[in-house]
1. Can you give the accessible area of residue A:99, probe radius 1.4 Å, in Å² rounded to 10?
2. For chain D, take the longest principal axis of its alpha carbons; what is the angle in degrees between that and the long axis of helix D:324-340, to the nearest 10 within 0 to 90?
3. Does segment D:210-341 classify as rounded, prolate or oblate by the C-alpha gyration tensor (a ≥ b ≥ c root eigenvalues; a/c under 1.5 gives rounded; else a/b over b/c gives prolate, otherwise oblate)?
4. Can you tell me the convex hull volume per residue for segment B:13-97, based on C-alpha atoms, in Å³ to the nearest whole number?
5. Per-residue accessible area for residue C:13 at 1.4 Å probe radius, Å² rounded to 10?
6. Put B:31, B:151 in order of accessible area, largest first, 1.4 Å probe: what do you get?
7. Per residue of segment D:62-72, what does 6.51 cos²θ - 1.76 cosθ + 1.60 with θ = phi - 60° give for ³J(HN,Hα)? Whole Hz please, x for Gly and Pro, Karplus curve as stated.
8. Starting from the Cα coordinates of chain D, work out the convex hull volume and express it per residue in Å³.
Amino acid sequence: MELLLAQSVIEPGLTHFLVVSAILFSLGVMAVLSRRNTIMVLMGVELILNSANINFIAFSRFTELSLDGQMIALFVIIIAAAEAAVALAIVLNVYNRFKTINLDDISLLKG
Amino acid sequence: MVEAIKSGWITFKSIFIGMGVTIRHFFGPSVTLQYPDERPVIPDKARTKLYVNIDDCIGCHLCARACPVNCIYIDTVPATSDVDLGKTSTGNPKRFWLTRFDIDMAKCMYCDLCVHPCPTNCIYMVPDYEYSEFDRTNLIYHFSNLEPAMVAEVKEKAEKEAAEKQKQREEMMRKKAEEAKKKQMEAKKPPQQNTDGETGTKSDKSDNGDS
Amino acid sequence: MELTTILFYLFSLITLGAAAFMVFSKNIVHSAFALMFALIGVAALYVLLYADFLAATQLLVYVGGILILILFGVMLTSLGYTFNFKTVTVNLAPASLLSATAAVLLIFAFVTTDWKISEIAEPTDTVYDLGMLLMGDYILPFIVAGVLLLIAIIGAILMSTHLSAENREGV
Amino acid sequence: MTQNLLHINPIAILVHAAIPLVIILVYALVAIWAERKVAGFIQDRLGPMRVGGWHGWAQSIADLLKLIQKEDIIPNDASRFLFKFAPFMMFAASYAAFAVIPFSSSYIGSNINIGVFYLLAVTSVLTLSIIMAGWASNNKWSLLGGMRSAAQMVSYEVPTIATVLTVIVVTGSLNLMTVTEMQSGNDILGFLPNWFIFQNPFLLVAFVIFFISILAESHRVPFDLPESESELVAGYQTEYSGMRWAMFMLAEYADMLLLSLLGATLFFGGWNSPFGDFMSGPFWSFFWFMLKGLLLVFVMMWIRWTLPRYRVDQLMHICWSILIPLSFINLVLVALWEVIF
């Protein structure tokens, strides 16, 4: 039993983590493109940032990049926090003005 | 700044004063009574549950009349001349069989008004406060100690005696009427006037005797 | 077969499943909670990559902070709490085409590239080294990030106070 | 340290994980009983006296049996999965945090270097589980309770982390075992133990702020707004019954113990005996540690029966305009003290 499992499942290496991050990235892109709810789009952006972070940390673990990768990931998290705070403040303002957060309905600048 | 420090100090001081109060109560004795194990001492005149000492009851109905909610039911049968019911502990002679003496404690309002009129002090409150029941009819207390057979016998006897007395009275009435007739005949007075006067005095006399 | 391997597959399954649920769920609150599972899964993947400090940061900042902000945003921008929180999906075909293309291209690139893997020793104390880096090589980005956060906070507060002031005028 | 965790025997992991679980369960049974006894004594009552023998010691066990038998009700329009999942997630979050608590000089679940940071990160998941429970119940009081709790916990996390940071500034280590070891010995004024609470006047201030914040974080009176029984009919727990409600209760008590033990570790010397080498050793250190933690828990209960509940705006005012500025000023002062002395 254990042997069979060992044969079918390979020890996770750099590629495994990269594939996970690639799928996560495409899911995030899907959310950003197909959803019209601003908060949903924001959540998609968080997924994309996370997939980037997995990439950074995987490279820092398996290559010469060392701790620099983790450092960049840390800054990404910081920026994500700032982005979320500002974005949600904007979303609340938009909701207060337009009574909707559907991105297609917020078209005042289209002229 | 000074204000802020002052208000902060007052905040902490008041919190600690409050906590001091609670910790004193924490170590202080508790006032809880462990009820089924420890029981409170009932005051002397506590109104808890009515009790009737049936041996002392003379069947005078005073308590039933005093009751504001009519929760006392008394039926009496006069004693026949051949039995002596004895006397109560207070010396009053007993003249009635108590065929029924019920108190409905579900209706009782614990006013104590029935206790005071009793001439023999036979109805009073006893310090028993745990008599809850699942069925309300169980709260009707029967104090009469006569058995049903005894009740029937006593009733029969009393009826017989009453019938006898009635007969005697009728006999007496007849005799009296006969005597009156004789007198009437002898006196030869106008019949209407005489009869009116006679009956009037007789009824007066019987009223007096009854009361 | 090692515990690490099982854990890797378990956590990547959780992460990707939760992320997929997040993207395709109609209810936006369900999406937000699915995002929580995805973020926790990502934190677990960080642990498997020996980035324990970053895993904790991920939990603290994303799960304890950003996600709660998002949930508050959801609750504050739907019309009453009985509202269904339904979201519309548009451009389904082009979006899925694009994201599938991205996924295929990325996976192809990642799998075929011959990465220069170096077997570095498993680090035992990342916190100390990270701290030294943060106070050494990365001191300027660190300060800039601090200033950025400060500006973001001030901006968010200004925007929301402006919002409430407008409300008061409206009333 | 992580590789140690990943390469050891799974059975060893299970055994290690079971020890805090046993401690939490036993503590919860004792604490629920003790809470009622404390409430009773403070109000000049006796509290539970019937179940079991002496002073109703088996009351919590009877309650547990009752809760197990109760019907598990799920509201019709509730979001079923989230509704079922929330109590377990809440307990998992507080239970996972026990991994880094050094219970005794020879036992710690996981001796990782980011100890305190891990603890704070894991407990922040608690907030989400409360929102989850509140939203999934589909009940306006639950939702209000959940939202209030989220606002409260996010706010009070800031002073908690700031005061924890003051201790970290002094120790220079996030590892709770190291933090505890740094406090052994009796050197202050010749007899006082080397606990951080005695080492530095600003750490005393830090402890006061920390204690107020953990009261708020574990939803204890006077900050029990999320579940305020008299206004929100128990807040996010309204729709829960039976075992799921018991899980919430367990998680709350576990959270209370966790934060008390964290306070004992950071400020009161953890498992160090107050008498130096006297009565020290693996068992005695466990005893002293639990004693300190349970004393803090007792103070929480004591405060519960002393102070009334705050309003929401007062709660936020206390946090944002008093505790947060104070804790940051205090952080700077502690750092200055460390530089000077």
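The values are calculated or read from the model by the stated rules, or taken from the named source; none is laboratory data. Note that the structure is a prediction, hence the values are computed from the model and not measured. Virtual Cβ from ideal backbone geometry, glycine too; neighbours counted across all protein chains shown. Quick note on the areas: whole protein, heavy atoms, side chains included, nothing else; ligands and nucleic acids left out. Shrake-Rupley method; radii C 1.70, N 1.55, O 1.52, S 1.80 Å.
1. Estimated to the nearest 10 Å², residue A:99 gives 120 Å².
2. 20
3. Since a/c reaches 1.5 but b/c is at least a/b, the shape of segment D:210-341 is classed as oblate.
4. So the per-residue hull volume is 199 Å³.
5. Only protein atoms counted, so the area is about 130 Å².
6. If we order B:31, B:151 from most to least accessible, we get B:31, B:151.
7. My calculation for segment D:62-72 gives 4, 4, 4, 4, 4, 5, 5, 6, 6, 6, 8 Hz in order.
8. Once divided by residue count, the hull of chain D is 149 Å³.
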